[in-house]
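What follows is a set of notes on a single structure, which appears directly below.
The values are calculated or read from the model by the stated rules, or taken from the named source; none is laboratory data. Predicted model only: the values in this text are computed from it and were never measured. Because the Cβ atoms are built from the backbone with ideal geometry, glycine has one as well, and the counts that use them run over all protein chains shown.
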Amino acid sequence: MGTAYPRRDAEVTMPDPGSVRLADGVRLRVHTYGPDTADLTVLLLHGWTLDGRTWHRQVTALQETFGTAVRVVTYDARGHGRSGPATLHSATLAQLGDDLAEVIAEVAPTGPIVLAGHSMGGMTVMEYAHRHPGDFARRIAGLLFVSTTAEGHTHTGYGLPGPVARLLRIAELAGAGLLARCGGWRTPLPLLYALRPPLRWLLFGDACEPADIRLTTSAVARASLVSIGGFRPSIGAQSRLATLAELGDLPAAALVGDRDRLTPPPCAVSIAEALPSAELTVCPGAGHMLMLERADEVTTALLSVTTRAMSRPKVVRKATARAGVRGGRSIVKQPRRRGDRHGAACT
(Lines give C-alpha, C1' and ligand atoms only; values in the text may rest on other atoms or scores of the structure.)
Protein backbone atom coordinates (compact mmCIF):
# COMPACT_ATOMS: atom_id res chain seq x y z
CA MET A 1 0.00 0.00 0.00
CA GLY A 2 1.40 3.43 -0.93
CA THR A 3 2.43 5.97 1.65
CA ALA A 4 -0.20 8.60 2.46
CA TYR A 5 1.39 12.03 2.20
CA PRO A 6 -0.03 15.21 3.75
CA ARG A 7 -2.63 17.03 1.69
CA ARG A 8 -2.74 20.79 2.17
CA ASP A 9 -4.59 21.84 -0.91
CA ALA A 10 -7.71 23.66 0.18
CA GLU A 11 -5.99 26.66 -1.37
CA VAL A 12 -2.84 26.20 -3.43
CA THR A 13 -0.25 28.64 -2.11
CA MET A 14 2.95 29.41 -3.98
CA PRO A 15 6.09 31.28 -2.94
CA ASP A 16 6.81 34.69 -4.39
CA PRO A 17 7.53 34.03 -8.06
CA GLY A 18 10.64 34.80 -10.02
CA SER A 19 11.04 34.86 -13.76
CA VAL A 20 13.37 33.76 -16.51
CA ARG A 21 13.71 35.95 -19.58
CA LEU A 22 14.18 33.78 -22.65
CA ALA A 23 16.31 34.63 -25.67
CA ASP A 24 13.28 35.81 -27.64
CA GLY A 25 12.14 38.10 -24.82
CA VAL A 26 9.35 35.94 -23.40
CA ARG A 27 9.31 35.82 -19.60
CA LEU A 28 8.45 32.59 -17.82
CA ARG A 29 6.92 32.57 -14.34
CA VAL A 30 9.15 30.44 -12.08
CA HIS A 31 8.70 29.22 -8.50
CA THR A 32 11.64 27.83 -6.53
CA TYR A 33 11.63 25.99 -3.21
CA GLY A 34 14.84 25.37 -1.29
CA PRO A 35 18.36 26.80 -1.30
CA ASP A 36 20.67 27.38 -4.26
CA THR A 37 23.23 25.23 -2.42
CA ALA A 38 21.08 22.07 -2.52
CA ASP A 39 22.74 18.86 -3.70
CA LEU A 40 20.18 18.25 -6.43
CA THR A 41 17.41 20.11 -8.27
CA VAL A 42 14.04 18.57 -9.10
CA LEU A 43 12.37 20.38 -11.98
CA LEU A 44 8.64 19.73 -12.50
CA LEU A 45 7.01 20.43 -15.88
CA HIS A 46 3.24 20.70 -16.30
CA GLY A 47 0.96 19.54 -19.09
CA TRP A 48 -0.76 21.16 -22.07
CA THR A 49 -3.13 24.02 -21.08
CA LEU A 50 -2.15 23.62 -17.38
CA ASP A 51 0.39 25.32 -15.11
CA GLY A 52 2.90 24.58 -12.36
CA ARG A 53 0.26 24.43 -9.62
CA THR A 54 -0.70 20.92 -10.72
CA TRP A 55 2.46 19.64 -8.98
CA HIS A 56 1.74 21.30 -5.62
CA ARG A 57 1.31 18.07 -3.63
CA GLN A 58 4.59 16.67 -4.91
CA VAL A 59 6.37 19.95 -4.13
CA THR A 60 5.25 19.66 -0.51
CA ALA A 61 6.35 16.03 -0.25
CA LEU A 62 9.78 16.74 -1.72
CA GLN A 63 10.37 19.54 0.78
CA GLU A 64 9.24 17.45 3.73
CA THR A 65 11.28 14.43 2.67
CA PHE A 66 14.59 15.94 1.60
CA GLY A 67 14.65 19.32 3.35
CA THR A 68 17.49 21.57 2.16
CA ALA A 69 19.24 18.75 0.28
CA VAL A 70 16.91 19.22 -2.70
CA ARG A 71 15.77 22.34 -4.51
CA VAL A 72 12.42 22.16 -6.32
CA VAL A 73 11.55 24.28 -9.35
CA THR A 74 8.25 24.65 -11.18
CA TYR A 75 7.53 27.02 -14.03
CA ASP A 76 4.69 27.90 -16.38
CA ALA A 77 5.49 27.14 -20.02
CA ARG A 78 5.17 29.93 -22.56
CA GLY A 79 1.53 30.64 -23.32
CA HIS A 80 0.46 28.98 -20.07
CA GLY A 81 -0.26 30.15 -16.54
CA ARG A 82 1.33 33.51 -15.73
CA SER A 83 4.11 33.26 -18.32
CA GLY A 84 4.48 35.36 -21.44
CA PRO A 85 2.64 34.49 -24.64
CA ALA A 86 3.24 31.87 -27.26
CA THR A 87 2.77 32.68 -30.92
CA LEU A 88 1.65 30.42 -33.72
CA HIS A 89 5.32 30.14 -34.70
CA SER A 90 6.64 29.38 -31.19
CA ALA A 91 3.88 26.98 -30.08
CA THR A 92 5.95 23.85 -30.69
CA LEU A 93 7.53 21.12 -28.58
CA ALA A 94 10.90 22.00 -30.09
CA GLN A 95 10.58 25.52 -28.70
CA LEU A 96 9.59 24.16 -25.29
CA GLY A 97 12.67 21.92 -25.29
CA ASP A 98 14.86 24.96 -25.97
CA ASP A 99 13.00 26.91 -23.28
CA LEU A 100 13.77 24.15 -20.78
CA ALA A 101 17.47 24.40 -21.65
CA GLU A 102 17.36 28.14 -20.91
CA VAL A 103 15.48 27.63 -17.64
CA ILE A 104 18.07 25.10 -16.48
CA ALA A 105 20.94 27.42 -17.40
CA GLU A 106 19.32 30.23 -15.41
CA VAL A 107 17.90 28.56 -12.29
CA ALA A 108 20.05 25.42 -11.96
CA PRO A 109 23.37 26.15 -13.70
CA THR A 110 25.28 23.52 -11.72
CA GLY A 111 24.60 20.16 -10.10
CA PRO A 112 22.51 17.13 -11.02
CA ILE A 113 18.84 17.44 -11.97
CA VAL A 114 15.79 15.20 -11.87
CA LEU A 115 13.25 16.08 -14.56
CA ALA A 116 9.60 15.20 -14.04
CA GLY A 117 7.09 15.86 -16.80
CA HIS A 118 3.33 15.46 -17.03
CA SER A 119 1.76 15.10 -20.47
CA MET A 120 3.23 17.92 -22.61
CA GLY A 121 5.83 18.40 -19.87
CA GLY A 122 7.10 14.87 -20.45
CA MET A 123 7.27 15.55 -24.18
CA THR A 124 9.24 18.72 -23.40
CA VAL A 125 11.78 16.64 -21.47
CA MET A 126 12.16 14.36 -24.51
CA GLU A 127 12.64 17.36 -26.82
CA TYR A 128 15.31 18.74 -24.49
CA ALA A 129 17.11 15.37 -24.59
CA HIS A 130 16.84 15.30 -28.40
CA ARG A 131 17.93 18.88 -29.05
CA HIS A 132 20.50 19.27 -26.25
CA PRO A 133 22.01 15.79 -25.84
CA GLY A 134 25.32 16.99 -24.40
CA ASP A 135 23.71 19.10 -21.70
CA PHE A 136 21.26 16.32 -20.93
CA ALA A 137 24.03 13.74 -20.51
CA ARG A 138 26.04 16.03 -18.22
CA ARG A 139 23.23 17.23 -16.00
CA ILE A 140 20.25 14.87 -15.83
CA ALA A 141 20.35 12.25 -13.06
CA GLY A 142 16.76 10.95 -13.08
CA LEU A 143 13.47 11.03 -14.99
CA LEU A 144 9.77 10.78 -14.14
CA PHE A 145 7.17 10.56 -16.88
CA VAL A 146 3.53 10.98 -15.85
CA SER A 147 0.62 10.48 -18.28
CA THR A 148 2.70 11.27 -21.33
CA THR A 149 3.85 9.75 -24.61
CA ALA A 150 6.82 9.52 -26.94
CA GLU A 151 4.60 8.68 -29.94
CA GLY A 152 2.33 11.67 -30.49
CA HIS A 153 -1.32 10.70 -30.91
CA THR A 154 -0.54 7.15 -32.09
CA HIS A 155 -2.40 5.58 -29.16
CA THR A 156 -4.91 8.36 -28.46
CA GLY A 157 -8.40 6.94 -28.76
CA TYR A 158 -10.27 9.03 -26.16
CA GLY A 159 -11.58 5.78 -24.69
CA LEU A 160 -13.99 5.51 -27.63
CA PRO A 161 -14.55 2.99 -30.45
CA GLY A 162 -12.12 3.40 -33.35
CA PRO A 163 -14.41 5.09 -35.92
CA VAL A 164 -15.77 7.52 -33.33
CA ALA A 165 -12.26 8.30 -32.09
CA ARG A 166 -11.07 9.04 -35.62
CA LEU A 167 -13.95 11.45 -36.19
CA LEU A 168 -13.27 13.15 -32.86
CA ARG A 169 -9.59 13.55 -33.74
CA ILE A 170 -10.48 15.19 -37.05
CA ALA A 171 -12.82 17.57 -35.25
CA GLU A 172 -10.22 18.25 -32.56
CA LEU A 173 -7.50 19.08 -35.08
CA ALA A 174 -9.83 21.37 -37.01
CA GLY A 175 -10.85 23.14 -33.82
CA ALA A 176 -7.23 23.46 -32.73
CA GLY A 177 -6.33 25.10 -36.02
CA LEU A 178 -9.10 27.62 -35.50
CA LEU A 179 -8.09 28.38 -31.90
CA ALA A 180 -4.44 28.76 -32.89
CA ARG A 181 -5.38 31.83 -34.90
CA CYS A 182 -7.25 33.52 -32.06
CA GLY A 183 -4.16 35.22 -30.62
CA GLY A 184 -3.82 35.96 -26.92
CA TRP A 185 -7.49 35.64 -26.01
CA ARG A 186 -8.36 33.32 -23.17
CA THR A 187 -11.45 31.19 -22.64
CA PRO A 188 -14.06 33.20 -20.67
CA LEU A 189 -14.64 31.79 -17.20
CA PRO A 190 -18.42 31.35 -17.64
CA LEU A 191 -17.74 29.17 -20.68
CA LEU A 192 -15.13 27.18 -18.76
CA TYR A 193 -17.59 26.53 -15.95
CA ALA A 194 -20.00 25.19 -18.55
CA LEU A 195 -17.19 23.01 -19.93
CA ARG A 196 -16.40 21.41 -16.57
CA PRO A 197 -18.39 18.22 -17.29
CA PRO A 198 -16.55 17.50 -20.58
CA LEU A 199 -13.21 18.44 -18.97
CA ARG A 200 -13.95 16.07 -16.13
CA TRP A 201 -14.83 13.31 -18.66
CA LEU A 202 -11.72 13.91 -20.77
CA LEU A 203 -9.10 14.40 -18.05
CA PHE A 204 -10.17 12.40 -14.99
CA GLY A 205 -10.94 8.77 -14.29
CA ASP A 206 -13.54 7.16 -12.06
CA ALA A 207 -13.20 9.64 -9.19
CA CYS A 208 -12.56 13.38 -9.12
CA GLU A 209 -12.25 15.66 -6.10
CA PRO A 210 -14.07 19.00 -6.55
CA ALA A 211 -10.86 20.89 -5.66
CA ASP A 212 -9.00 19.10 -8.43
CA ILE A 213 -11.45 20.00 -11.18
CA ARG A 214 -11.49 23.59 -9.88
CA LEU A 215 -7.70 23.77 -10.08
CA THR A 216 -7.70 22.23 -13.54
CA THR A 217 -10.36 24.62 -14.80
CA SER A 218 -8.48 27.56 -13.32
CA ALA A 219 -5.30 26.50 -15.12
CA VAL A 220 -7.07 26.09 -18.47
CA ALA A 221 -8.52 29.58 -18.01
CA ARG A 222 -4.98 30.98 -17.90
CA ALA A 223 -3.88 29.34 -21.16
CA SER A 224 -4.24 31.48 -24.26
CA LEU A 225 -6.31 30.19 -27.15
CA VAL A 226 -3.23 30.18 -29.38
CA SER A 227 -1.58 27.86 -26.86
CA ILE A 228 -4.62 25.59 -26.63
CA GLY A 229 -4.74 25.26 -30.41
CA GLY A 230 -1.19 26.01 -31.50
CA PHE A 231 0.64 23.23 -29.68
CA ARG A 232 -1.71 20.49 -30.90
CA PRO A 233 -0.02 19.69 -34.26
CA SER A 234 3.41 19.42 -32.67
CA ILE A 235 2.08 17.20 -29.88
CA GLY A 236 0.31 14.93 -32.36
CA ALA A 237 3.37 14.53 -34.59
CA GLN A 238 5.90 13.86 -31.82
CA SER A 239 8.15 10.78 -32.16
CA ARG A 240 10.94 10.38 -29.59
CA LEU A 241 11.22 6.68 -28.68
CA ALA A 242 14.65 6.55 -30.35
CA THR A 243 15.78 9.48 -28.22
CA LEU A 244 14.67 7.73 -25.05
CA ALA A 245 16.50 4.55 -26.05
CA GLU A 246 19.76 6.52 -26.18
CA LEU A 247 19.51 7.92 -22.65
CA GLY A 248 21.11 4.94 -20.93
CA ASP A 249 20.62 3.54 -17.45
CA LEU A 250 19.09 6.55 -15.70
CA PRO A 251 16.83 6.14 -12.66
CA ALA A 252 13.39 6.52 -14.21
CA ALA A 253 9.69 5.84 -13.72
CA ALA A 254 6.60 6.03 -15.91
CA LEU A 255 3.05 6.23 -14.58
CA VAL A 256 -0.30 6.09 -16.35
CA GLY A 257 -3.97 5.65 -15.51
CA ASP A 258 -5.88 2.83 -17.17
CA ARG A 259 -8.74 5.29 -17.82
CA ASP A 260 -6.45 7.85 -19.50
CA ARG A 261 -8.23 8.96 -22.68
CA LEU A 262 -5.30 11.03 -24.02
CA THR A 263 -2.16 9.00 -23.24
CA PRO A 264 -3.41 5.47 -22.50
CA PRO A 265 -1.27 2.66 -21.02
CA PRO A 266 0.50 1.69 -24.29
CA CYS A 267 2.16 5.12 -24.20
CA ALA A 268 3.74 4.46 -20.80
CA VAL A 269 4.63 0.88 -21.72
CA SER A 270 6.67 2.03 -24.72
CA ILE A 271 8.45 4.65 -22.60
CA ALA A 272 9.32 2.08 -19.94
CA GLU A 273 10.55 -0.38 -22.56
CA ALA A 274 12.89 2.27 -23.98
CA LEU A 275 14.45 3.04 -20.57
CA PRO A 276 16.20 0.01 -19.04
CA SER A 277 15.85 1.13 -15.40
CA ALA A 278 12.32 2.50 -15.64
CA GLU A 279 9.63 1.34 -13.26
CA LEU A 280 6.17 1.21 -14.82
CA THR A 281 3.06 1.92 -12.74
CA VAL A 282 -0.48 1.56 -14.09
CA CYS A 283 -3.18 3.06 -11.87
CA PRO A 284 -6.63 1.42 -12.15
CA GLY A 285 -9.55 3.78 -12.43
CA ALA A 286 -7.33 6.85 -12.95
CA GLY A 287 -7.38 9.26 -15.86
CA HIS A 288 -4.90 11.80 -17.21
CA MET A 289 -4.39 13.99 -14.12
CA LEU A 290 -2.40 11.55 -12.01
CA MET A 291 -0.60 14.16 -9.84
CA LEU A 292 -4.05 15.09 -8.53
CA GLU A 293 -5.97 11.81 -8.86
CA ARG A 294 -3.20 9.56 -7.55
CA ALA A 295 -1.00 12.02 -5.71
CA ASP A 296 0.47 9.44 -3.33
CA GLU A 297 1.52 7.07 -6.10
CA VAL A 298 3.11 9.84 -8.17
CA THR A 299 4.84 11.20 -5.08
CA THR A 300 6.22 7.79 -4.13
CA ALA A 301 7.63 7.31 -7.64
CA LEU A 302 9.14 10.80 -7.65
CA LEU A 303 10.77 10.33 -4.24
CA SER A 304 12.15 6.97 -5.37
CA VAL A 305 13.69 8.41 -8.54
CA THR A 306 15.10 11.34 -6.58
CA THR A 307 16.64 9.04 -3.97
CA ARG A 308 18.19 6.87 -6.67
CA ALA A 309 19.50 9.97 -8.44
CA MET A 310 21.12 11.21 -5.24
CA SER A 311 22.98 7.92 -4.87
CA ARG A 312 24.63 8.25 -8.27
CA PRO A 313 28.29 9.35 -8.52
CA LYS A 314 28.98 13.06 -7.93
CA VAL A 315 25.75 13.51 -5.96
CA VAL A 316 26.51 14.15 -2.29
CA ARG A 317 23.73 13.01 0.01
CA LYS A 318 22.86 15.18 3.01
CA ALA A 319 19.47 13.71 3.76
CA THR A 320 17.87 10.29 4.00
CA ALA A 321 14.69 10.02 1.97
CA ARG A 322 11.59 8.08 2.91
CA ALA A 323 11.18 6.88 -0.65
CA GLY A 324 11.85 3.23 -1.45
CA VAL A 325 14.65 2.54 -3.93
CA ARG A 326 14.31 -0.06 -6.65
CA GLY A 327 16.66 -1.01 -9.43
CA GLY A 328 15.76 -2.40 -12.82
CA ARG A 329 12.54 -1.96 -14.75
CA SER A 330 9.51 -3.53 -13.14
CA ILE A 331 5.77 -3.19 -12.90
CA VAL A 332 4.53 -1.95 -9.55
CA LYS A 333 1.88 -4.13 -7.94
CA GLN A 334 0.09 -2.68 -4.95
CA PRO A 335 -3.15 -3.78 -3.28
CA ARG A 336 -6.21 -1.66 -3.71
CA ARG A 337 -6.90 0.60 -0.76
CA ARG A 338 -9.51 -0.74 1.59
CA GLY A 339 -12.87 0.83 0.93
CA ASP A 340 -11.75 2.51 -2.28
CA ARG A 341 -14.09 1.19 -4.96
CA HIS A 342 -12.31 3.31 -7.55
CA GLY A 343 -9.02 1.46 -7.16
CA ALA A 344 -6.94 4.45 -6.14
CA ALA A 345 -3.94 2.25 -5.44
CA CYS A 346 -1.84 1.21 -8.41
CA THR A 347 -1.28 -2.22 -9.88
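(1) more than 26 Å from ARG166 (Cβ to Cβ); (2) outside any helix (DSSP H, G or I): which one isn't true of ASP206, the others all being true?
Among (1) more than 26 Å from ARG166 (Cβ to Cβ); (2) outside any helix (DSSP H, G or I), the lone unmet condition for ASP206 is (1).
Can you tell me which residue in the range 278-322 is modelled with the highest pLDDT, limited to those that are of a type in the set (Ser, Thr, Tyr) and surrounded by fewer than 21 Cβ atoms within 10 Å (Cβ to Cβ)?
SER311
Could you give me the residue pairs with C-beta distances under 7 Å whose first residue belongs to the range 22-40 and is within 18 Å of PRO109 (Cβ to Cβ), whose second residue is in a loop (DSSP other than H, G, I, E, B) and basic (Lys, Arg) wherever it lies, and which are 6+ apart or on separate chains?
Hits for this filter: LEU28/ARG78; ASP39/ARG317; ASP39/LYS318.
So which of ARG222, ARG261 is closer than 17 Å to SER119 by Cβ, out of contact with any Leu (no Cβ under 8 Å at 6 or more places or on another chain) and in contact (Cβ under 8 Å) with a residue 12 or more places away in the chain?
The match here is ARG222.
Quick check: is even one residue across the range 52-59 at pLDDT 95 or above, over 27 Å from LEU225 (Cα atoms), basic (Lys, Arg) and in contact with a strand residue (DSSP E or B) (Cβ under 6 Å, 6 or more places away or on another chain)?
Among the residues of the range 52-59, not one is at pLDDT 95 or above, over 27 Å from LEU225 (Cα atoms), basic (Lys, Arg) and in contact with a strand residue (DSSP E or B) (Cβ under 6 Å, 6 or more places away or on another chain), which makes the answer no.
Consider ILE235 against the criteria (1) more than 14 Å from GLY205 (Cα to Cα); (2) modelled with pLDDT of 95 or more: it satisfies all of them except one. Which criterion is unmet?
Of (1) more than 14 Å from GLY205 (Cα to Cα); (2) modelled with pLDDT of 95 or more, only one is false for ILE235: (2).
Give me the residue from the range 166-188 that is within 24 Å of the chain's Cα centre (by Cα) and at pLDDT 65 or above and, out of that set, farthest from ALA86 (Cα to Cα).
ARG169
Inside the range 226-254, can you point out the residues that are surrounded by fewer than 18 Cβ atoms within 10 Å (Cβ to Cβ), of a type in the set (Gly, Ala, Ser) and assigned to a helix (DSSP H, G or I)?
Answer for the range 226-254, where residues must be surrounded by fewer than 18 Cβ atoms within 10 Å (Cβ to Cβ), of a type in the set (Gly, Ala, Ser) and assigned to a helix (DSSP H, G or I): GLY236, ALA237, ALA242, ALA245.
Confirm whether GLU151 is part of a loop (DSSP other than H, G, I, E, B) and acidic (Asp, Glu).
It is true that GLU151 is part of a loop (DSSP other than H, G, I, E, B) and acidic (Asp, Glu).
What helices (runs of 4 or more DSSP H) completely inside the range 44-143 contain at least 2 residues that are more than 22 Å from LEU292 (Cβ to Cβ)?
93-107, 120-131, 133-139
Taking only the range 99-128 into account, find how many residues are surrounded by fewer than 22 Cβ atoms within 10 Å (Cβ to Cβ) and either within 20 Å of PRO264 (Cβ to Cβ) or free of Cβ contacts under 8 Å to residues at least 40 places away in the same chain (or both).
Adding up the residues that qualify gives 4.
May I ask you to verify whether THR54 is of a type in the set (Val, Ile, Thr) and either touching an Asp or Glu at 6+ places or on another chain (Cβ under 9 Å) or at negative phi (or both)?
Against the criterion (of a type in the set (Val, Ile, Thr) and either touching an Asp or Glu at 6+ places or on another chain (Cβ under 9 Å) or at negative phi (or both)), THR54 qualifies.
Collect the residues in the range 266-293 that are of a type in the set (A, V, I, L, M) and touching a helix residue (DSSP H, G or I) at 6+ places or on another chain (Cβ under 8 Å), keeping them in residue-number order.
Matches in the range 266-293: ILE271, ALA274, LEU275, ALA278, LEU280, VAL282, ALA286, MET289, LEU290, MET291, LEU292.
Would you point out the residue of the range 129-143, among those that are under 22 Å from ASP39 (Cα atoms) and either within 8 Å of the chain's Cα centre (by Cα) or of a type outside the set (A, V, I, L, M, F, W, C) (or both), that is surrounded by the fewest Cβ atoms within 10 Å (Cβ to Cβ)?
Per the criteria, the residue is GLY134.
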